[in-house]
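Trainee: Here it is, the structure in full.
The values are calculated or read from the model by the stated rules, or taken from the named source; none is laboratory data. The structure displayed is predicted, hence computed values, not measured ones. Cβ coordinates were reconstructed from backbone atoms using ideal geometry, including for glycine residues, and neighbour counts include every protein chain displayed. Each accessible area value is taken on the protein alone, full model and side chains, heavy atoms only, with ligands, DNA and RNA left out. Shrake-Rupley method; radii C 1.70, N 1.55, O 1.52, S 1.80 Å.
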Amino acid sequence: MGIILKPIDVVDDILKEEFYEKYLKPRRPVVIKNMAKKWPAYQKWTMEYMKEVVGDVEVPLYDSSKADPSAPINASAAKMKFGDYIDLIQREPTDLRIFLFDPIKYAPKLLEDYISPKELMGGFLDKYPNMFFGGKGSVTFLHFDIDMAHIFHTHFNGRKHILLFDYKWKERLYQIPYATYALEDYDIENPDFTKFPALDGVEGIECYLEHGDTLFMPTGWWHWMKYLDGSFSISLRAWDKSWAVKAHSLWNLTVQRKFDDIMKSNFKKSYMDWKEKMAIKRAEMALKRGLPK
């Protein structure tokens with residue numbers, strides 16, 4: 001059977017009523033082709049332009065190695081000047097990525113180059129949204145966002161391959177307890193179903209983004225991303241109206257994260273080993289029970 005992937009819905013443009021009924025209300029992903037074509041960024045945001053406006057600020061870089069259980073969450077693997085990194089990802093493949101980076105802090109003029117899609121929904125969070133950069137072949141591990149926001153993810157200067165899974169599949173995806181990411185011992189592109197049988201039959205959505213495409217990812221959706229070219233994206237985030245979702249976000253950001261940090265600090269590898277065993281146990285239990293129903 002394997003992992004069952006369906007193609008994502010793709011629209012050129014969409015009106016508020018259709019967006020709400022087909023995607024926001026049922027929380028279904030969609031790619032909007034023309035939204036960013038109305039932005040100045042669509043023409044302006046080249047690699048050279050980003051180098052010019054952001055400058056030589058030093059940025060943290062992340063690779064594809066498995067998370068160190070003794071390191072703080074989001075600990076970087078290396079640092080490099082931003083301009084040198086842009087040169088690197090244009091020149092050759094690399095697994096080094098920049099994520100949760102705010103170039104607008106260093107180049108406020110970028111604020112003039114994009115438009116939050118308030119004609120589709122309200123509740124946008126970030127005055128200074130994050131951007132994500134990756135070299136050809138670099139991968140963002142399978143996870144969902146800790147703040148449970150809706151995300152409009154727009155890509156520039158290349159292609160990106162994305163796999164998406166509804167939140168309800170979390171146990172079958174081997175979610176690590178007290179975390180928002182999956183067990184890192186399998187390759188979601190080519191999983192070993194003998195070692196990870198709970199993945200067999202998981203249902204997801206596959207999409208490819210090109211320059212200017214915008215992916216709407218509803219709250220809680222798991223996502224795995226692979227840069228097919230050296231390129232970058234911007235994510236605009238918005239609250240879900242549900243108070244239950246807001247409460248879940250608050251719990252993740254405060255109680256769960258604090259507890260996890262304390263346990264990692266005190267027990268390091270033994271705690272991480274326990275979490276991985278629990279992820280496997282829960283996945284196998286979910287498979288036996290036929291979850292999700």
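Trainee: For the chain, what does the relative contact order come out to in percent, with C-alpha contacts under 8 Å and a separation of six or more?
Mentor: Across the chain, relative contact order equals 27 percent.
Trainee: Next question. Tally Lys and Arg at +1 and Asp and Glu at -1 over the other residues with C-beta under 15 Å from the C-beta of Val59: what net charge comes out?
Mentor: -1
Trainee: Still on this structure: May I ask you to list the aspartates and glutamates whose Cα is less than 13 Å away from that of Lys288, ignoring any residue fewer than eight positions away on the same chain?
Mentor: Glu171, Asp200
Trainee: Something else: Only sites in a loop by DSSP and with at most 14 other Cβ atoms within 10 Å count here; which trypsin sites (Lys or Arg not before Pro) in the stretch 121-170 make the cut?
Mentor: When the trypsin sites (Lys or Arg not before Pro) of the stretch 121-170 are filtered for loop state and at most 14 Cβ neighbours within 10 Å, Lys127 remain.
Trainee: For the stretch 79-85, in order, what is each residue's ³J(HN,Hα) by Karplus, 6.51 cos²θ - 1.76 cosθ + 1.60 with θ = phi - 60°, in whole Hz (x at glycine and Pro)?
Mentor: These are the phi-based 3J(HN,Hα) values: 9, 7, 5, 4, x, 5, 5 Hz.
Trainee: Let me ask something else about it. Would you check the accessible area of Trp221, probe 1.4 Å, heavy atoms only, in square angstrom rounded to 10?
Mentor: For Trp221, the solvent-accessible surface is approximately 30 Å².
Trainee: In addition: Once fully extended, how much extra length lies between Phe267 and Arg28, figured as 0.36 nm per residue of separation less the alpha-carbon to alpha-carbon distance?
Mentor: Gain on extension, Phe267 to Arg28, equals 82.1 nm.
Trainee: OK, next. Distance cut-off 23 Å, Cα to Cα: go down the list Lys246/Lys293; Lys109/Lys241; Lys81/Lys268; Lys66/Lys258; Lys38/Lys127 and report the pairs above it.
Mentor: Over 23 Å apart, Cα to Cα: Lys246/Lys293; Lys109/Lys241; Lys81/Lys268.
Trainee: State, as an integer percentage, the relative contact order of the stretch 1-128 based on alpha-carbon contacts under 8 Å between residues 6 or more apart.
Mentor: In percent, rounded to a whole number, it is 26.
Trainee: OK, next. If Ser76, Ser138 are ordered by their accessible area, calculated over protein heavy atoms with a 1.4 Å probe, which sequence runs from highest to lowest?
Mentor: Descending order: Ser76, Ser138.
Trainee: Further, regarding this structure: Would you mind calculating the relative contact order of the stretch 95-176 from Cα pairs under 8 angstrom and at least 6 residues apart, reporting the percent as a whole number?
Mentor: Taking the mean separation of contacting Cα pairs over the length of the stretch 95-176, I get 37 percent.
Trainee: While we're here: Ranked by accessible surface with a 1.4 Å probe, highest first, in what order do His248, His150 come?
Mentor: Largest accessible area first, the residues go His248, His150.
Trainee: Apply the a/c threshold of 1.5 to the C-alpha gyration tensor of the stretch 211-263 and tell me whether it is rounded, prolate or oblate.
Mentor: oblate
Trainee: Can you compute the FRET efficiency between Lys38 and Lys127 using 1/(1 + (r/R0)^6), with r the Cβ-Cβ distance and R0 = 22 Å? Round to the nearest 0.05.
Mentor: Efficiency computed from Cβ-Cβ geometry: 0.65.
Trainee: Note down the accessible area of Ser64, probe 1.4 Å, to the nearest 10 Å².
Mentor: 70
Trainee: Next question, about the same structure. For Gly137, enumerate residues with amide H under 5 Å from its amide H, sequence gap 5+ or separate chain, H modeled in the peptide plane.
Mentor: Tyr227, Leu228, Asp229
Trainee: Where both residues lie in the chain, what percent of DSSP beta bridges are antiparallel, nearest 5?
Mentor: 85
Trainee: Which percent of Cα-Cα pairs in the chain sits in each 5 Å bin, short to long?
Mentor: So the P(r) values, bin by bin, are 1, 5, 11, 15, 18, 18, 15, 10, 5, 2, 0, 0.
Trainee: To check you understand DSSP bridge types, tell me what percent of the beta bridges within the stretch 1-159 (both residues inside) are antiparallel, rounded to 5.
Mentor: Here the antiparallel bridges make up roughly 75 percent for the stretch 1-159.
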